[in-house]
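Engineer: A single structure is presented below for examination.
The values are calculated or read from the model by the stated rules, or taken from the named source; none is laboratory data. None of the values given here were measured: they were computed from a predicted structure. Methodologically, a virtual Cβ is constructed for each residue, glycine included, from the backbone with ideal geometry; neighbour enumeration extends over all protein chains shown.
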Amino acid sequence: MADTFQSSTLVRDQHNRHAVCHEAFYDSFREEYLLPALLNMHALLCGLDEKMAEESVPS
C-alpha cells in the first residue's frame, strides 16, 4: 500500500493519513470498482484468517 500512496503526504514515513483518516465523498467512488474491491478485501481477509490460524496451532 505504501507504494500506491508514495507521492502523497506521509506521517512517520510509514503511515498515510490520506488512506485512513479522511472520508471519501460518494462522488469520488466509481461503482464499477465495487465488486473488484469487495473481492480483493475478501481475499485479503481470507489470507489473514489463514495466517492467524497457522499461528494459533501449537507446533
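Engineer: Taking the residues in segment 23-51 that are in a helix (DSSP H, G or I) and exposed (fewer than 10 other Cβ atoms within 10 Å of the Cβ) as candidates, determine which candidate is farthest from the chain's Cα centre (by Cα).
Structural biologist: Once the filter is applied, the top-ranked residue is Asp27.
Engineer: To continue, here is another question. Please go through (1) at pLDDT 70 or above; (2) under 14 Å from the mean Cα position of the chain (by Cα); (3) not in a helix (DSSP H, G or I) for Pro58 and return the number of the only condition it doesn't satisfy.
Structural biologist: The number of the failed condition is (2).
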